[in-house]
Structure formats: C-alpha cells, structure tokens
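Taken together, the values in this text are just the output of simple stated rules run on the coordinates, not laboratory data. Keep in mind it's a predicted model, so treat the numbers as computed, not measured. Neighbour counts are summed over all protein chains in view; Cβ atoms, including those assigned to glycine, are modelled from backbone coordinates with ideal geometry.
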Amino acid sequence: MQTDFLVIGSGIAGLTYALKVAQECPGKKVTILTKTQSDETNTKYAQGGIAGVMDFDNDSFSKHIEDTLVAGDGLCNKKVVEIVVKEGVDRINELIEWGAHFDKDPDGDYKLGKEGGHSESRILHHKDVTGAEMERALLDAIKKCKNIELISHCFVVDIITQHHLGYLVTKSTPDIECYGVYILNLTTKKIEKIIANITMLAAGGNGQVYRSTTNPAIATGDGVAMVYRAKGRIENMEFIQFHPTALYEPGLRGHSFLITEAVRGDGGILRNVNGEAFMERYDSRKDLAPRDIVARAIDNEMKINGTEHVYLDCTHMDQQKFMEHFPNIHAKCLGIGIDVSKDMIPVSPAAHYSCGGVKTDEWGRTSIHNLYAAGECASTGLHGANRLASNSLLEAMVFAHRAYKDAVFNTDARTIPPVNGERAFPDWNAEGTTAPGEMILITQSLKELKLLMSDYVGIVRNDKRLQRANRRLDLLHEETEQLYEKTELSPQLCELRNMITVGYLIVKCAELRKESRGLHYNTDHLQRSKILQNTIL
Ligand code: FAD
Ligand code: SIN
C-alpha cells in the first residue's frame, strides 16, 4: 500500500493532524493506523480537561506560562512553552468548531476547573469525561473526510528506513529517512508494508510498563521503541509522571480507574489512614501542589503507615455539585460500594504520563527525516521534568497543528524510492519463525518487567535499584530477542519487546541523571545540578 500522509495512532494528536492535512490537501490520501478499536486511546480516558487561557479578566498567558515552567522544574524549553500556551487557545476553539462540547455555566461562560500547579482556574472540561468527548468529536469529523482511511486492528511493527534497503544506519548517520512502516495486519494476520510520503507518529504513552497505571492496555510505548530501533533521538525518559490519585481496588493490577485532580481542585482533601490531612506538612500549596510533590508525599505516607493507599475525602463537598461535575467517578465509586457523600475514596499513585519521548523540534520534526511526532510519544520541550496537569491534550493539538503546517509544505518536494523493482523495500522476512508455542514465555516476562519497573524505577529511586533493574532488563531483553527471532509475530510479543526497550530507556536516562529533579527523585543524588540539561539517547 502507498499513501501520502501516514498517521500512526487515533488519539487526539493523530486525529487532529489527520483532519488538518486531509482538509488542506483534498487530493491526497491520508491513512490512519490504530492497533485496536479506533477510540481505544489514552485520549478517551482523559478526565480533568484541557488547560487554556479563556478568561482574560482573571488569567493571562504569562500566568499559564509561569505555572508550566514552575511545574517543569527548570527543564522546560521556554520558547515551546510560550508557543503552546499562546497557540493553544486557537486550537481549543477549532476543537469546539469540530463539535466538542465543554461545560458552561448558566450565563453561557465556560466552567473552568482548577488542578494542581495552576494558579488560576483554566481547565475546560466535559463533566469528568473530557477525553471521551474530544475523541468522539474528532472521530465524527474524520468520518466526514473522504480522503481519510482509518484502519483499525493494524499493529505497526517498525519504521522503514534506509536500513531496510541494505544501508548501514547508526545513531550518527546524518540523514536517516522514514519511508513508511511494516504492519501486522490483525485481520489478515499478515505482515505488510505501507510506503508513505510523510509519516506522523502519534502512538501515545507507555504507562503499561508499570504494574499499576491509569493508562489502558494500548499504552505500551511502541512509538518510542520503534524510533529508538530506527536510531532516532529519544530524550528525558526518566520523567515518568505518577498520578497521585488512582482508585485503589484491592487485588486489581493494570489499568486503574483515575480520580481526577479536578476533585481536589473542587475541594477534595487527601488524608492518611489515621484521618490526618497530611499535605500541609509537605507543601504550602497542600493538595494542589504539582503532581510530583503530591505523589511523593502519598508514597511517603503509605510507607510510614505500612498501607497500600491513602484516602481522598469528599464527604464535606457539595454533593449535588459533585454529581454534576463528576458523574462518572460517582457511578464508579458507587459500583464498588463507596458512597462519596459518606465514605472516603481509597487512592494510591499510578504511572500516568511519559514526559519524555521522541525528541522533536518546534515543528514536530523528529531526528529522522519525514517522520513527525506529536502527543504523548513526543518530547517537545513543553513539560521539562514534570508536566503541568491538563497540558498534554493542549500540547498534542498544538504540535499536531505545527507538524501539519510543516508536512504540507514539504510533501511535494519529496521523492521516495520506487515501491517495486530491484531497489524496492523488501517484504518482511519471517523465514525460520514458527507459531508461538507457549504464551507463558511472554506473559511471565511481562509480569517481571512490570514488577521490576514498579519496585526499582518508581516514584523514589536510588542507584542500587537502578543497577538491579538494568541487570534484570538485560536478561529479559536477551530472552525476548531470542523469542522474537524464532517466533511468528503477535501484538503481545511486539509489545513485550517494545516495553522492555522503553524500560531500558527509562532506566538508562535515570542512571544518567545524577540529581533529583521534578519526577526523577534519587535518594543517592538529592542535590540539584546547577547545569540544566536534557537526557538524550
Ligand atoms: P493516545 O490517545 O494514547 O493514542 C495513541 C494511539 O496510538 C492509539 O490509537 C493506539 O492504538 C495507537 N498505537 C499505539 N501503538 C501502536 C502501534 N504499534 N500500531 C498502531 N497503532 C498504535 N491529559 C490532559 O491534558 N488532561 C487530562 O484531563 C488528562 N487526563 C488523563 C486521564 C487518564 C486516565 C489518562 C490515561 C491520561 C490523561 N491525560 C490527560 C493524558 C492524555 O490523555 C494523553 O497524554 C493524550 O491523550 C495522549 O494522546 P495521544 O494522541 O498522544 O495518544
Ligand atoms: C486528571 O484529570 O487528574 C488528569 C489530568 C492530566 O493528566 O493532565
């Protein structure tokens, strides 16, 4: 298959970009690939909302910029922060034009929520299911574009570069080019190639590398792993954001239900098992301090008291308002026997967001030519060492837009090698592989990976733990590569391989950062370095 614009991912970044290029270039073909159902994305699960300066009487660009810089703990790229905050408002208005609805008060003004690290109320939201509303609006708009084809159940395995034409490609090869991708078509069960003029990587996050995460099963870091294998630049992978308040359900591992930070924005109070409101002991902003601080405080309280959770107390809040703003959370809690008007909600931190990823410039260009990246898989410079709440949906839209501008400008100038003939890209070589004999070889390794990442590379780290994680990852890597060489590809095997790569990148970056900053907290290096730098691999 050949296409003009190839998009990997159907979350907010991929869909926004696809819509824009399709509308600008009606004569060109846009192909979106997504590995499961089209709406199964991190985007769909976003609760709190999208940050943006909408109330210029009380808020300003400079306040939003300052809040983002403070949360990012010295590592944000200030120019990028300014771009995202200032251009974000236009992107939000476009989303509204495409049909997304945000909650309004009776006067018709947007109801603006508040979350940790924000000095003003500036979060637009659709009750507590903002992401689902955005995803719906974008998918509806996509359906109206005749030149977009969305192919679901299509697993992208690898990016095609000169390497596949037989050239030696290393990290120092100056002009690595992307020509498309190899996919595992889950409908035909065949490995096929898609050759593309321009490719956009919008493959989302990697929370599944950890045992407990707010991310759905699709978030396995495939995009970052693919780019790393293709010798592209990756940065800041040590900055994994743990959301302070995932619902604690005993025995449940994997995809945890989120209790949005907006609940604390509306007055919810964190209490330890003794009922003490502990946040004032950690930060003057108490429950609304930036996420890294709140997650570490909870982690500490859990360790001191030997518990697996703390509580979020909403019993004092106006219950009518709670129901209106958080109907989904209310229903979920009731479903497991928690009446938020009487009972405190048990919560614990869970892996939530990857601040680092595929390094891009301010137009979403990666270090590989004709490959753009946007959304959670990208590292644009916005988040630095810690993302400010509700800035990621905004970033995804701003960079999808910037990448579209650049890609449309570049597309006609591009020539790709012929698809057929002697110099054609080879078909996938599956010679010598057989059907997977025992799935246990994959599932057990996955369990081990999640456990070691959670126990050794979690909220609090030290050198010994990182060293141990590295050694265990080496073994998992070796065994999985052997399996990969001999076994027919399956999404499970590819995802395991990708998650091991992502685990390795997180550990490697964490080992290189000899200080504690933002989301990276190493008890052997509590001092802060005076030299501010990203960790680039
Ligand atoms: P995603 O929406 O995750 O989409 C990734 C896409 O890539 C999917 O379609 C997937 O199928 C596809 N894909 C991945 N790998 C492959 C592959 N190998 N082959 C083919 N397709 C592939 N941010 C905010 O700003 N505000 C919030 O309120 C907020 N709340 C959140 C709540 C939760 C529970 C979670 C998990 C995240 C939240 N975030 C929030 C973060 C935000 O939702 C995500 O960062 C953002 O939605 C990511 O969008 P994306 O387009 O980059 O990726
Ligand atoms: C939340 O609603 O608490 C999540 C917001 C975010 O991740 O930005």
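Take the alpha carbon atoms of the stretch 473-508, find their center, do the same for the stretch 141-217, and report the distance between the two centers in whole angstrom.
17 Å
Could you calculate the contour length gain from Asp107 to Asp140, that is, 0.36 nm times the residue separation minus the distance between their Cα atoms, to one decimal place in nm?
Here the segment from Asp107 to Asp140 would lengthen by 9.1 nm.
Rounded if a/c is under 1.5, else prolate if a/b beats b/c, else oblate: with a ≥ b ≥ c from the C-alpha gyration tensor eigenvalues square-rooted, which is the stretch 258-355?
Working: a/c = 1.55, a/b = 1.45, b/c = 1.07.
In terms of gyration-tensor shape, prolate.
Can you tell me the length gained on complete extension of the stretch Glu485 to Leu334, counting 0.36 nm per residue apart and subtracting the Cα distance?
Here the segment from Glu485 to Leu334 would lengthen by 49.6 nm.
Take peptides 110-116, 390-396 and line them up by average Cβ neighbours within 10 Å, highest first, as a rough protection proxy.
Those peptides, ordered most packed to least, come out 390-396, 110-116.
What do you get for Rg/Rh over the stretch 77-188 if you use C-alpha atoms and the Kirkwood form of Rh?
Rounded to two decimals, Rg/Rh equals 1.12.
Treating only the Cβ of Lys, Arg, Asp and Glu as charged (+1, +1, -1, -1), what charge dipole size does the chain show about its Cα centre? Round to the nearest 20 debye. Please report the intermediate quantities before stating the final value.
Values: 62 positive and 72 negative charges, 215 e Å.
Approximately 1040 debye in magnitude.
Cβ neighbours within 10 Å, averaged per peptide: list 230-238, 186-194 in order, most packed at the top.
Packing order, densest peptide first, comes out as 230-238, 186-194.
Take the Cβ-Cβ distance between Asn58 and Asp283 as r, set R0 to 22 Å, and report the resulting FRET efficiency rounded to the nearest 0.05.
The value I calculate is 0.40.
With a/c under 1.5 counting as rounded, go ahead and sort the stretch 132-255 into rounded, prolate or oblate using the C-alpha gyration tensor (a ≥ b ≥ c being the square roots of the eigenvalues; past the cut-off, prolate if a/b is larger than b/c, else oblate).
Because a/c hits 1.5 or more and a/b fails to exceed b/c, the stretch 132-255 counts as oblate.
Run the helix sum for the chain: -39,500 (n - 2.57) per DSSP H stretch of 4+ residues, divided by residue count, reported at 222 nm to the nearest 500 deg cm²/dmol.
The helix-only estimate for the chain comes to -11000 deg cm²/dmol at 222 nm.
For Glu280, Glu301, Glu515, what's the fewest-to-most ordering of other Cβ within 10 Å of each Cβ? Could you put the intermediate results ahead of the total?
Numbers: Glu280 11, Glu301 22, Glu515 16.
The most exposed by this proxy come first: Glu280, Glu515, Glu301.
Treat each spin label as a single point 7 Å out from the Cα along the C-beta direction, and report the Gln467 to Lys189 distance in nm.
That separation, rounded to one decimal, is 4.8 nm.
Counting other beta carbons within 10 Å of each residue's own, what order do Tyr484, Tyr282 fall into, fewest first?
Starting with the residue having the fewest Cβ neighbours, the order is Tyr484, Tyr282.
Provide, in order from the shortest bin, the percent of all Cα-Cα pairs of the stretch 440-537 in each 10 Å bin, continuing until the bin that contains the maximum pair distance.
Here the calculated profile for the stretch 440-537 is 15, 44, 26, 12, 3.
Any idea how far apart Lys514 and Asp455 come out in nm if each label point goes 7 Å out from Cα toward Cβ?
Rounded to a tenth, the inter-label distance reads 2.9 nm.
If r is the Cβ-Cβ distance from Asp412 to Glu87 and R0 is 25 Å, what FRET efficiency results, to the nearest 0.05?
On the way: r = 25 Å, r/R0 = 1.00.
Rounded to the nearest 0.05, the efficiency is 0.50.
What list do you get for Ile218, Ile442, Ile32 if you sort them by fewest beta carbons within 10 Å?
Fewest to most other Cβ atoms nearby, the residues stand as Ile442, Ile218, Ile32.
For the chain, take the convex hull of the Cα atoms, compute a quarter of its surface area, and give me that in nm², please.
Average projection, Cα convex hull of the chain: 24.5 nm².
Give me the Kirkwood hydrodynamic radius of the stretch 1-132 in Å, from all C-alpha pairs, to one decimal place?
Value: 16.6 Å, from the Cα pair sum.
Listed highest first by mean packing, meaning other Cβ atoms within 10 Å per residue, what order do 445-452, 202-209, 269-276, 249-256 come in?
Details: 445-452: 18.9, 202-209: 31.2, 269-276: 16.4, 249-256: 13.8.
In decreasing order of mean packing, 445-452, 202-209, 269-276, 249-256 become 202-209, 445-452, 269-276, 249-256.
At 0.36 nm per residue, minus the direct Cα-Cα distance, what do Ser119 and Gln320 gain on full extension? Give it in nm, one decimal, please.
So the chain would gain 69.8 nm between Ser119 and Gln320.
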